[in-house]
Structures are given as C-alpha cells and as structure tokens.
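Novice: What follows is a structure written as structure tokens; I'll ask about it next.
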Amino acid sequence: MNDFEAGRPLVLRGGTVLPMDGRRVLPRTDVLVTGDTIAAVGPGLEAPEGATEIDATGGIVMPGMIDTHRHMWQTALRGYGADWTLTQYFVWFYLEHGKLFRPEDVHAGNTLAAIEAIDAGVTTVVDWSHGLRTPDHADAAADALRSVPGRYVLAYGNIQQPPAEWATAPEFRDFVRRRITGDGMLGFQMAFDVLGDPSFPEQPAFEVARDLGVAVTTHAGVWGATGDDGIRLMYEHGFMTPGTVYVHAASLSADSYHRIAATGGSISVSTESEQSAGQGYPPTWAVRAHGIPVSLSMDTSVWWSGDLFSAMRATLGADRSREHLEAHAKSETVTHCALRADQVVDWATRGGAAAIGRDDLGTVAPGRKADLVLIKNDASPVSFPLLNPFGHVAFQAQRGDVHTVLVNGRVVKHEHRLVGIDLAAARAEAERTVEYLKGEMGEEAWEKGMNPDIPSTKVLDNPYTYTDYRSDSTHRL
Ligand SMILES: [Zn+2]
C-alpha cells in the first residue's frame, strides 16, 4: 500500500512546531493534514481512521520555505560561475551566450531547480525567468514547473528584448491565457528591470502588468545597472504598487527606500548574491530602518545553492557584520544583536508568502495550505540538543537534515528521499544541455568562462625582519 496516496490524511507527530506567528514555539505538537490543507495543530491530536503517521519527535516542523527570486533556467550550469562578478555574469548571459539556450535547455534548468528546491524544503519558488526569448522557451519553462510537485510562480522575462516589446507582443498575452490558470500551484509575475532612461521605455510593460493584474518583480538597486532613477520613474508614473518586489535593493538612497515603504512593496534580499556579485551591501540593515517587508532569495545556482538555510545564515552574518563594523568605526561596541534568528526564519517563510500575496502560505495554522517541512536527522550529531529552534534552523540545520516535505498536502520527500521524482531523467537533461552549450561555445570559451582571470595582488612590504621559519627544521612536524 502506498502510504502517501492522494487524499489520505496525514499527521506529523510530536515535533517542535514553529507556527511562524511571532516567536512562539510549540513543543511536542502534532500537525494534521487533510487534503491540501492543515486541519489542526495541537498536542495529542486524534487522527482520522487510516491516517498516515510520520514521527516528528526530535525534529522541527515549520512552513515550507519560499524563495522569491531564482533564475531557474540557469541551473543546468550549476556552479559554473562560482568565481564570477556581476560584470562577468552580464557578459556571459546577456551579451555572449544567453542566446544559445534552447527551449529544452530552459526545461532542463527549470526541472533541476524545481527538484532542488523541494529537496531543500523550499516549497515555493519565484522563477525569475528572463531567458524566455520565444513562446517555445516560455512553454518549456512552464512545462518543467508543472512536472515537479512544488509550488512555483513564473516571473516572465526576456533579457534579449526590451520589456516594452515582449510584454506587448500577442504571443505573450496568448501564453498567459493558455498557461496561467490561477490554480494556486503556478502563479505569475512579470520580470524586468528599469534602467533609468528618462523617457521611461519600460512604461508599456508596466501597463500590461496593470492590465493583467499581475505583480512586477524588478532588479532594483544593483550597482552599475539599476538605481534611484528607476525607482523615481516608477513612482512618478504610478507603478510602485503593493505587490511589487524589488530584488536586491542594495544600492539605493534613503529616498528610494522611503518610496518603496510608502507604496507597500517588498524587498527580496539575496545575501550570498549581493556579497559576491557586487550589487551592493545586503540591505537588511537599511531596510529595517525603513520598515520595509523582506523576503529571501538565492538568485541562481550558477553561483550559489538553491538552499534557504544558506540564505538565512548569510543574511544574519552580513547584517551583524555590518552592525559591528559601523560601531567599531565610531569606537563603539555592539552589545545586543538587532537581527535575530527568528526574524530570518520569518523572512524565509511568512515574508516570502507576503511578498507573493499568498496569506494561505508561510505559517503553520489550521486552514492554511499544507506546505510543510520536517527538519529531523537522527543520525546527525547536529540534531541535538534542540534548545533554540529558530537558532537551530538558521545556524545548525542544512538541506541534508530535511526529512519530510509536503507541498499542497502531498508528500514529496520522506526520510530524506525524494518521493515520485525522476532524478535520472533530470540528470540526463542537464547533461545534454551542458554538452550542447560546451559544443556551441567551444572548449576554450567554455573553460575561459568558468575560470576568469585573477587580478594580481601586490604583497605589501613588511617592515619587520625575521629568520626564515619555513626552513627552520625545528618547526617541521
Ligand atoms: Zn537576479
């Protein structure tokens, strides 16, 4: 018998539940799921006849995590750009090789990214899909997202054409009509950037979004690319709306943050991305001061993982690092951290749900969609003692500790194994894409793209002299 057949009730027994309604922690608590919904949360729940039981004792039950910005189509190039800067990324994807991607390559990336997400307990991902240069590419992206049992939002974009062109094309409308059904498993946004040209050429794309009633997600506050001018143009033309998601928002003035706060938008912070690509300093410290809602994102697996544990960890580290550094510059000492572990867990769950306008996600409460993660790994020395569950999620846990994942009431991972996922097929697709791209680019360009030149570093003159300890045999082990 299949323990996870559709429609069968399920209860997660005796876990430490993080409902994400503040800092509340519910020890030894059950979560009952019927259909696609959380039916009850409490101790010693009576489960309906025939319910599947999952032992959650010693583990943490939390809402599925939500990533509000990931370029899923790039995932077949996992790790390729580990040493890139943003400039090298732009040259590779925007100018030189992004055009090579065929619909099947978008499909390969999206499929792998979608599987990677649910494996890591990321039950909803906004696919910032800016490689959709033809309707076939868009269909391939949607097909892939529909083939994996996670929840996704297709944020439609095309870096090879100005937004005013692709957004007003009849094929785009046709795609939305054909593929976006509003069933709650595949949402829709429009994804494009505002470059600050005073003639505001992006206006027609914003008008289409308004007409369709869909949110816009935009890379805003990216050093050298988008900045305060773009925000001001959006504001002056009335396109800063509550659903708008500003990605990075790392190189903006206080004035722009005020405009975002006043119009009800939210910021998607991609700390690992901002730290190594160079969009600007991860802005949580500034955003906090302006009272702007935050969600977290991983941007692209070309550099980083698709894992929100790292996003939470990096975000706490960057925020605290900045706080200490600024205090030290004034000869002061930070004695209390402003950003807390529970806050980044909130951003990774409820913050993401709010950003995409889904108040039925991001919390563990009766009536909410059953997107749930059980973090539990009895074989790991890091699984106990479980003293501070929020701290545990943010600093101790990792994707290998994700024991069980439910999306819309369906078990997609159990006992650390994906359920009903054809990983071999996803691997074969990704390998075909890599082979094709390598072939088109040629071995030399492929290698060069992955291994950018290292700038020379001048080693400083040292005023001290010392004996050469390296040749001193007494220091050898
Ligand atoms: Zn991005």
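The values are calculated or read from the model by the stated rules, or taken from the named source; none is laboratory data. It should be emphasised that the depicted structure is a prediction, and the values quoted were computed from it without experimental measurement. Because the Cβ atoms are built from the backbone with ideal geometry, glycine has one as well, and the counts that use them run over all protein chains shown. Accessible surface is based on the protein model in full, side chains and every heavy atom, while ligands, DNA and RNA are left aside. Shrake-Rupley method; radii C 1.70, N 1.55, O 1.52, S 1.80 Å.
Novice: Pairs only if they're at least six apart or on different chains, beta carbon under 7 angstrom, first in the range 242-269 and more than 18 Å from residue 190 (Cβ to Cβ), second open to solvent by 30 Å² or more (accessible area, probe 1.4 Å) and within 16 Å of the ligand (Cβ to nearest atom); list them, first residue then second.
Specialist: From residues that are more than 18 Å from residue 190 (Cβ to Cβ), the pairs are 251/223.
Novice: Restricting the search to the range 266-285, which residues are more than 16 Å from the ligand (Cβ to nearest atom) and open to solvent by less than 10 Å² (accessible area, probe 1.4 Å)? Talk me through it step by step, then tell me what you get.
Specialist: As a first pass, look at the range 266-285 and keep what is more than 16 Å from the ligand (Cβ to nearest atom): 281, 284-285.
If the condition is that a residue be more than 16 Å from the ligand (Cβ to nearest atom) and open to solvent by less than 10 Å² (accessible area, probe 1.4 Å), then 284 is the only one that fits.
Novice: Residues that are part of a helix (DSSP H, G or I), within 16 Å of the ligand (Cβ to nearest atom), touching a residue at least 40 places away in the same chain (Cβ under 8 Å) and within 20 Å of residue 390 (Cβ to Cβ): does the range 297-308 have at least one?
Specialist: Just the residues of the range 297-308 that are part of a helix (DSSP H, G or I), to begin with: 308.
Narrowing further to those that are within 16 Å of the ligand (Cβ to nearest atom): 308.
Cutting the leftovers down to touching a residue at least 40 places away in the same chain (Cβ under 8 Å) gives us 308.
Subset that is within 20 Å of residue 390 (Cβ to Cβ): 308.
So far as the range 297-308 goes, yes, one or more of its residues are part of a helix (DSSP H, G or I), within 16 Å of the ligand (Cβ to nearest atom), touching a residue at least 40 places away in the same chain (Cβ under 8 Å) and within 20 Å of residue 390 (Cβ to Cβ).
Novice: Given the conditions (1) within 22 Å of residue 93 (Cα to Cα); (2) in contact with a Phe, Trp or Tyr (Cβ under 7 Å, 6 or more places away or on another chain), report the number of the one that residue 453 does not fulfil.
Specialist: Condition (2) is where residue 453 drops out.
Novice: Considering only the range 319-363, how many residues are out of contact with any helix residue (DSSP H, G or I) (no Cβ under 9 Å at 6 or more places or on another chain), over 21 Å from residue 186 (Cβ atoms) and β-branched (Val, Ile, Thr)?
Specialist: Count: 1.
Novice: Between a residue in the range 405-422 that is over 19 Å from residue 363 (Cβ atoms) and any residue that is in a strand (DSSP E or B) and among the basic types (Lys, Arg), which pairs come within a Cβ distance under 7 Å, given they are 6 or more apart or on different chains?
Specialist: 419/413
Novice: What pairs come up if the first residue lies in the range 20-33 and is surrounded by fewer than 18 Cβ atoms within 10 Å (Cβ to Cβ), the second is among the hydroxyl-bearing types (Ser, Thr, Tyr), and their beta carbons are under 7 Å apart, counting only those six or more places apart or on different chains?
Specialist: Listed by first residue and then by second, the contacts come to 21/363; 25/16; 27/16.
Novice: Only strands (runs of 3 or more DSSP E) wholly contained in the range 29-133 count here; list those with 3 or more residues that are within 16 Å of the ligand (Cβ to nearest atom).
Specialist: Working: elements: 37-42, 52-55, 60-63, 65-70, 122-129.
Per the criteria, 65-70, 122-129.
Novice: Could you list all residues from the range 202-220 that are assigned to a helix (DSSP H, G or I) and either within 16 Å of the ligand (Cβ to nearest atom) or modelled with pLDDT under 95 (or both)? I'd like the intermediate steps shown before the answer.
Specialist: As a first pass, look at the range 202-220 and keep what is assigned to a helix (DSSP H, G or I): 203-212.
None; the set is empty.
Novice: Here is a list: 82, 113. Which entry is open to solvent by less than 40 Å² (accessible area, probe 1.4 Å), among the hydrophobic types (A, V, I, L, M, F, W, C) and at pLDDT 95 or above? Full working, then the answer.
Specialist: Values: 82 fails: open to solvent by less than 40 Å² (accessible area, probe 1.4 Å).
Just a single option satisfies the conditions, and that option is 113.
Novice: Considering each residue of the range 138-157, count those that are crowded, with 24+ Cβ neighbours inside 10 Å and assigned to a helix (DSSP H, G or I), and give that number.
Specialist: 6
Novice: Let me ask something additional. What is the number of the single condition among (1) modelled with pLDDT of 95 or more; (2) farther than 14 Å from residue 162 by Cα; (3) in a loop (DSSP other than H, G, I, E, B) that residue 224 does not meet?
Specialist: Of the numbered conditions (1) modelled with pLDDT of 95 or more; (2) farther than 14 Å from residue 162 by Cα; (3) in a loop (DSSP other than H, G, I, E, B), the odd one out for residue 224 is (1).
Novice: In the range 227-251, which residues are away from the ligand (no atom under 16 Å from the Cβ), of a type in the set (Ser, Thr, Tyr) and outside any helix (DSSP H, G or I)? Before the answer, list the steps.
Specialist: Going through the range 227-251, the residues away from the ligand (no atom under 16 Å from the Cβ) turn out to be 228-229, 231-243.
Now restrict to residues that are of a type in the set (Ser, Thr, Tyr): 235, 241.
Answer for the range 227-251, where residues must be away from the ligand (no atom under 16 Å from the Cβ), of a type in the set (Ser, Thr, Tyr) and outside any helix (DSSP H, G or I): just 241.
Novice: Let me ask something additional. Give the residue, chosen from 357, 351, 367, 420, that is farther than 21 Å from residue 59 by Cα, touching a Pro at 6+ places or on another chain (Cβ under 8 Å) and either among the aromatic types (Phe, Trp, Tyr) or surrounded by fewer than 19 Cβ atoms within 10 Å (Cβ to Cβ) (or both).
Specialist: Numbers: 357 fails: touching a Pro at 6+ places or on another chain (Cβ under 8 Å); 351 fails: either among the aromatic types (Phe, Trp, Tyr) or surrounded by fewer than 19 Cβ atoms within 10 Å (Cβ to Cβ) (or both); 367 fails: touching a Pro at 6+ places or on another chain (Cβ under 8 Å).
Going through 357, 351, 367, 420 in turn, just one is farther than 21 Å from residue 59 by Cα, touching a Pro at 6+ places or on another chain (Cβ under 8 Å) and either among the aromatic types (Phe, Trp, Tyr) or surrounded by fewer than 19 Cβ atoms within 10 Å (Cβ to Cβ) (or both): 420.
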